[in-house]
Each structure stands twice: as C-alpha cells, then as structure tokens.
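Here's the structure, in structure tokens; my notes come after.
Read-outs throughout are calculated quantities, based only on the coordinates presented, and are distinct from any laboratory measurement. The model shown is predicted, which means the values in this text are computed figures rather than measured ones. Reconstructed Cβ throughout: ideal geometry from the backbone, glycine too, with neighbour counts over all protein chains shown.
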2 protein chains.
Amino acid sequence: MTSSPSVPSAPVGELFRAAFRAHPAGVAIVTASGPEGAVGLTASSVASVAVDPATLAFSVTGGRSASFIASAQTIVVHLVGADQLDLARTFADPAAPRFTHSMDWELLPTGEPLLREAQWALRCEIVHRAPLGGSVLLAAKVLDIRSNPSNSAPLVYHNREFHTLFQSVSAVA
Amino acid sequence: MTSSPSVPSAPVGELFRAAFRAHPAGVAIVTASGPEGAVGLTASSVASVAVDPATLAFSVTGGRSASFIASAQTIVVHLVGADQLDLARTFADPAAPRFTHSMDWELLPTGEPLLREAQWALRCEIVHRAPLGGSVLLAAKVLDIRSNPSNSAPLVYHNREFHTLFQSVSAVA
C-alpha cells in the first residue's frame, strides 16, 4: 500500500493529520478537579465503548488540563450541541479564561465541575489508562447522567471548524 | 448529579444510549483477514490518539467480525465519505454480503483487505487491547496510508442515520 500519486512523498504523520482533519467528530468538554482547582478541555475523541456497564473512551494530549484529567479518579464528560458553541471554543483554547463567574457552572457534591448548560453530562470513573505516543487513551465507566432537555442542533468538528448537520443523505444517495 | 426531570427514572444504560445516539461521529470501515477470510465492520468510534507515532483508537462489540478484528495483528481502517455510503451500510449490516466480486477490493501484499474506493485507508498494527464490558477498546499504530483524491462530502452518523455536513455554524453563532 502506497501513498496516492497526489501526495507521493508525504510522511505518515502528515497524511495522518490530513486524514483526521477530514474525519468529522462530535464535540465534548471533559472536566475534573485538579490540585489547583477545576480544569477542562474540549475533546473530539469521545466515543461509546460498551453499554453494560456504560463505558466511554477518549484521549488527551499534553498540557496541564490534560494531565490533571488523565490522573483524575472521576471526571464529567459533557456532550455539547451547537447551542454550546461558545463553551466548546472556550475549552478548546488553553489561554481562554474558564470557570469564571459569568460561566454557568458548579462543583458537584462529589467534587467534579459541572457545566450546567451542556446537553448531556456524564459523571464517570476512569477505569483504564493507556499511554500512547505522548497521549493517554482513557476509558471511563459512567456513574450517573444528567440530561438537559433542549433542541440544540448537533455540533460537529471537521477541518478545524465547528459545523452543524445538514439533511440526511439517506434519502438522496 | 441527578437525571433531568424529563427522564426521572431512566437507568444509566438507557440515558447512556440516548446520549450517544445524539452524539455525531465520523464513519469508518475496519477490515482484517480472519481465519475464514476477509472480515469487516462499520465503526463510528475511530479517533486519532497521537501523531508521533501516528496512533488511532476504536472499539468493537460482539460478533464474528468484531472478534477477528480484535485479535488481528494488522488491520486497515478506512475513513469514508458520503460517496461511500453504500459501503458503510453494507459493513454496518452483519447479514449483507461483503467482499463480493462486484465490490472494488483487493488483498494487500501484506494480507489485509483494502476497500479501494475509501477516501483514506490506514494500515495499522494493533498495539493495545482493553476488554471493557463485552467490548474491546483497541489502539493501533499506523504503518502506512493510502489516500484517494476525491471531493466526497463528509459522512456523519447521528441518531442512527447517515448525514452530511451543513454550513459552518462559526459564521452564524
């Protein structure tokens, strides 16, 4: 198997980045309580793994928030829609102020930061950690779930931009 | 943290399913050579984990194809677009005939089945396996990448249907 003629000399790393830039993903914000307070980051790698027990996976790379989340016992995984675009942007930018007074959040009685406007908030216990090439692949068992009734459009990350969904191609293809 | 008033008595498993039905995902087809020939399945859990070395993760659940893929040494992860909708449907349906004469595929010299029309085909070595609640979370290191120049629209799986992408919400939100 070789590279396509259009990209004959590109190394694997470069093609890999291009492939996943073009691979759409849902958007989540993962929070935890770190030793210096609440931390959080926007993740586009959250996926369901198993239903019984309810288990999800995602990975984190580099940075202070990432290392606190990777070493936390419990976390909150917020699945967000287009109405939470600002929140997704804030937690995607390490330099943006978060957990401010104007942000609608609280510390749960169990200690984790909850972003109240998220459509779904899944409080989880991390049950598996695999360090892989400077990142950590995490699996987490879901302890409880808070849903926020809303009709927000789905939010999709693709080609470094946020998008919402168009019509089903089922009908047209 | 409690369930929302709208779903007061739903157990975690049921809410978990609802949360991830609403969480959009890109679409991939993972193939391997099993003891009885080529196997494959459509996966909506493929995500990038690390760039150096290029590493991805996904999970598989139940079934013959899933168990052959989970135990394979090497696999091909095909990232597919809207032009490959039929292929995605075929490999999502365990009863659909696949690797037929009319399907555009080949066995690579290294032994894995390649679906030639996929936008991206990443040949990988599985480097990590974590059994979790009846599923297996897999991490795989990318060995080489074949890209298929095309302008296919991105394909997104959401609420049990395939969709393509609308305009960026960046501009409107």
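Here are a few things to note about the model shown:
- Computed on the protein assembly as shown, the Cα convex hull volume stands at 138 Å³ per residue.
- The value of relative contact order for chain A, using C-alpha pairs under 8 Å at least six residues apart, is 25 percent.
- The charge dipole of the protein assembly as shown, taken about its Cα centre with unit charges on the Cβ of Lys, Arg, Asp and Glu (plus for the first two, minus for the last two), comes to roughly 240 debye.
- Taking 0.36 nm per residue of separation and subtracting the Cα-Cα distance, full extension of the segment from residue A:153 to residue A:93 would add 19.4 nm.
- Nearest-first distances (nm) between copies at residue B:10, label 7 Å from Cα via Cβ: 4.0
- Inter-part distance where segment B:11-90 and segment A:107-154 are each reduced to a Cα centre, Å: 22
- Size descriptor, Kirkwood hydrodynamic radius, that averages inverse alpha-carbon separations across segment B:27-150, Å: 14.3
- The value of relative contact order for segment B:1-101, using C-alpha pairs under 8 Å at least six residues apart, is 27 percent.
- Amide hydrogen neighbours beyond the local backbone of residue B:55, cut-off 5 Å, H modeled: B:49, B:50, B:142
- ³J(HN,Hα), Karplus 6.51/-1.76/1.60, whole Hz, each residue of segment B:140-149, x for Gly, Pro: 9, 8, 7, 8, 7, 9, 10, 10, 10, x
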